[in-house]
1. What Kirkwood Rh does segment 50-112 have if only Cα atoms enter the pairwise 1/r average? Answer in Å.
2. To the nearest 20 debye, what charge dipole does segment 50-112 have about its Cα centre, counting +1 at the Cβ of each Lys and Arg and -1 at the Cβ of each Asp and Glu?
3. Using the number of other C-beta atoms within 10 angstrom as an exposure proxy, rank 104, 84 with the fewest first.
Amino acid sequence: MAEDDDIELSDLEDSDNDFEGEGTELLAAADIGSEQMKTSKDLEAVYDIPVQVSAVLGKATMQVSQLLKLGRGAVVELDRKVGEAIDIYVNNRLVARGEVVVVEDRLGVTMTEIIKSEKS
């Protein structure tokens, strides 16, 4: 008394082979997801470590005698042009370049380029 909605055992055996590749892909995706979670958990140990972030508008070289002559209102010419990207350092290591922005009444930096460091 099989109804039209019932599945025959032979139909199930044939369909098992259709899913072999998909199961492998799902397992691989699960492994990648668990590795990403594991990496995130490993990084949690360093989240609270303070770092020093510096945004360098430009640099200038001068003699000590010139430095001593500087006073209020003195202008020091930097090696950058207006609109040129500034360097962003983390713990004295160049990590990015960016642009100066104004956020309410403070200056900020928008990162426009991430610098990939070569491992030594």
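What follows is calculated from the coordinates using simple rules that are stated; it is not laboratory data. Small disclaimer: the values here were computed from a predicted structure and weren't measured. Methodologically, a virtual Cβ is constructed for each residue, glycine included, from the backbone with ideal geometry; neighbour enumeration extends over all protein chains shown.
1. On the way: mean 1/r = 0.0735 Å⁻¹.
Answer for segment 50-112: a Kirkwood hydrodynamic radius of 13.6 Å.
2. Values: 8 positive and 7 negative charges, 47 e Å.
So the magnitude is around 220 debye.
3. Lowest to highest Cβ neighbour count: 104, 84.
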